[in-house]
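Reading through the structure tokens given below for one structure.
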Amino acid sequence: GSAVRLTQVTKRYGDGASAAVALDGVSIGIQSATFTAVMGPSGSGKSTFLQCAAGLDRPTSGTVQLGGQDLAELSENKLTEYRRTRIGFVFQAFNLLPSLTVEQNITLPLRLAGAAAESASVDSVAAGVGLFGLLRRRPTELSGGQQQRVAIARALITRPEVVFADEPTGALDPDTAQDILHLLRQAVTDLHQTVVMVTHDPVAAQHTDRVIFLDAGRVVHRVDRPSADQVK
Ligand code: ADP
Ligand code: ADP
């Protein structure tokens with residue numbers, strides 16, 4: 001089934017003559033346990049798509065369903081709880097807290113969700129992303145690739161159904177980017193999670209099952225199992 005489903009989603013910023021239509025009647029389903037890329041020119045609505053699909057922002061009209069749940073039916077509190085427990089986020093700039101250790105960064109979502117951090121699950125997630133032995137360090141002591149591994153571990157620690165990633169390889173060199181893409185792929189194949197990634201990078205897009213192309217707030221194209229020339 002669909003892990004994420006947008007039905008006639010429109011998002012407008014501002015109103016009247018100055019309104020910007022960031023999403024314009026987007027209807028699309030993202031199948032469970034697949035890796036999907038969202039591509040398109042700057043200003044085409046990719047960030048807005050991710051924000052609405054992840055319940056970080058509410059559409060002006062239309063519905064967003066995650067795991068069959070219509071997000072509009074959730075109160076702000078319930079939506080926050082839903083995000084904390086069932087969705088993971090990875091960002092281009094890693095967004096780690098510099099004053100916390102790697103372990104404290106990884107377990108932050110558990111503490112926010114009011115759940116205890118079992119050291120066994122922290123160790124297994126850290127080992128899964130290749131961070132074993134670095135748990136006592138601080139983010140500033142790590143390379144960019146290691147910091148993104150921490151961010152991925154943090155996104156996976158609650159075992160979310162869907163992981164949303166906004167340009168997760170945008171700040172990384174090509175080799176490190178490959179490693180991060182392999183980790184996201186592993187989340188899909190080994191943990192059956194659904195990964196939705198905004199990217200400008202054709203190489204990153206080639207690691208996915210499906211690419212959704214946006215232009216001017218509309219889905220203009222979909223490509224399954226993209227090849228190099230389809231994502232240029
Ligand atoms: P609709 O939203 O009208 O169903 P879509 O083109 O968005 O049309 O999706 C068609 C179907 O393909 C949906 O059931 C969707 O869940 C499924 N789908 C989504 N992603 C993939 C994928 N990576 N591989 C195969 N099927 C997919
Ligand atoms: P992309 O991620 O593809 O660059 P965005 O989703 O950021 O696209 O933006 C889509 C459109 O919505 C653009 O025209 C942008 O200027 C506009 N937009 C995005 N966020 C805001 C905002 N907070 N206020 C006003 N306009 C916005």
Bridge type composition, the chain - antiparallel percent by DSSP, nearest 5 = 55 percent
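Carbon and sulfur: what percent of segment 1-41's accessible surface (1.4 Å probe)?
That fraction is 47 percent.
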Just flag the trypsin sites (Lys or Arg not before Pro) in segment 142-201 sitting in loop per DSSP whose Cβ has no more than 12 other Cβ atoms within 10 Å.
-> none
The chain - mean residue ellipticity at 222 nm from DSSP helices (-39,500 (n - 2.57) per run, n ≥ 4, rounded to 500) = -9500 deg cm²/dmol
Hey, what's segment 1-135 come to in accessible area per residue, 1.4 Å probe, Å²?
-> 46 Å²
Could you bin all the Cα-Cα distances of the chain into 10 Å bins starting at 0 and give me the percent of pairs in each, rounded to whole numbers?
-> 8, 33, 36, 19, 4, 0
Hits among lysines - C-alpha to C-alpha of Lys232 under 21 Å, sequence gap 8 or more where chains match | Lys46
Distance in nm between Ser227 and Asp70 label points, each 7 Å along Cα→Cβ, equals 4.3 nm
Rolling a 1.4 angstrom probe over the protein heavy atoms, how many square angstrom per residue are accessible across segment 143-232?
-> 42 Å²
Net length gained if the chain between Ser124 and Ala17 were fully extended (0.36 nm per residue, minus Cα distance) = 33.2 nm
Over the Cα atoms of segment 61-198, how large are the radius of gyration and the largest Cα-Cα distance (Dmax), in Å?
-> 14.9, 47
Taking max minus min of the Cα coordinates of segment 115-196 on each principal axis, largest first, gives extents in Å of 35, 30, 17
What percentage of all Cα-Cα pairs in segment 2-91 are separated by more than 18 Å?
-> 44 percent
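The values are calculated or read from the model by the stated rules, or taken from the named source; none is laboratory data. Everything numeric here is computed off the predicted structure, so don't read it as measured data. A quick note on method: Cβ atoms are made from the backbone with ideal geometry, for glycine too, and the neighbour counts reach across all protein chains shown. Remember, those area values only see protein heavy atoms, side chains included, never the ligands or the DNA or RNA. Shrake-Rupley method; radii C 1.70, N 1.55, O 1.52, S 1.80 Å.
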